[in-house]
Structures are given as C-alpha cells and as structure tokens.
Amino acid sequence: MKRRERTRHLIELGGLIVKAGLVDLTDDDRATLYGAFLAIAGKLQGEEGANTLALWQRKGKRAFEAEAETEINAEPSRRSRPDSHRSPPRSTA
C-alpha cells in the first residue's frame, strides 16, 4: 500500500472510532481504546468469531444505511428553507 493510501486508510479508521462515540466514551484514553480493540480481536479469534463478525457487519451496515437515509431525507428540507443569510439581488438598472 502506498503511503498516501495508507494515510487515508488510517484517517478513515480513526473517523470510525470517533463516529462510534468511543473517543468520548473513553475520555480519549489511548490505553482504554487499545484494550478494547484487543478484546475485540480476542473475541473474533474465539469459537464464536465468525458469528460475531457477521453480527457486527450487519449492525454496521444498518448504521451506515440509516445515516445515509437521514442525510438524504435532510437534503430536501435544506433546499426548501429560504436563504436568510443572502443579500437581496442587486438592481441592474
């Protein structure tokens, strides 16, 4: 993986950590986050790893879809509001 691609990948992973609320829930404690990730890895390596992975994949997919749906539904309401911050059109006369 090239350096730029790797950097983008790491930034996206960090964004998921923030999006999941883990930074706030752990008061941005790196040891806590790392410990949680080690616990996740351990769970995935266990007997029920495949089932756990499938469950988490479904849950994540649903969350992404719900977020996308919320964004789509919010877009028309933004367009329907008058732009109160814009200046009136200038006269061309």
Residue count, the stretch 42-53 (criterion: exposed (fewer than 11 other Cβ atoms within 10 Å of the Cβ) and in a helix (DSSP H, G or I)): 4
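Confirm whether Ala74 is within 14 Å of the chain's Cα centre (by Cα) and either open to solvent by less than 100 Å² (accessible area, probe 1.4 Å) or at pLDDT below 95 (or both).
Answer is no for this residue.
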Would you check if there is a residue in the stretch 18-31 being assigned to a helix (DSSP H, G or I), touching a helix residue (DSSP H, G or I) at 6+ places or on another chain (Cβ under 9 Å) and exposed (fewer than 11 other Cβ atoms within 10 Å of the Cβ)? yes
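The values are calculated or read from the model by the stated rules, or taken from the named source; none is laboratory data. Quantities reported herein were computed from a predicted structural model and do not represent experimental measurements. Neighbour counts are summed over all protein chains in view; Cβ atoms, including those assigned to glycine, are modelled from backbone coordinates with ideal geometry. Ligands, DNA and RNA are stripped out before the accessible areas are found, and what is left, the full protein with its side chains, is counted by its heavy atoms. Shrake-Rupley method; radii C 1.70, N 1.55, O 1.52, S 1.80 Å.
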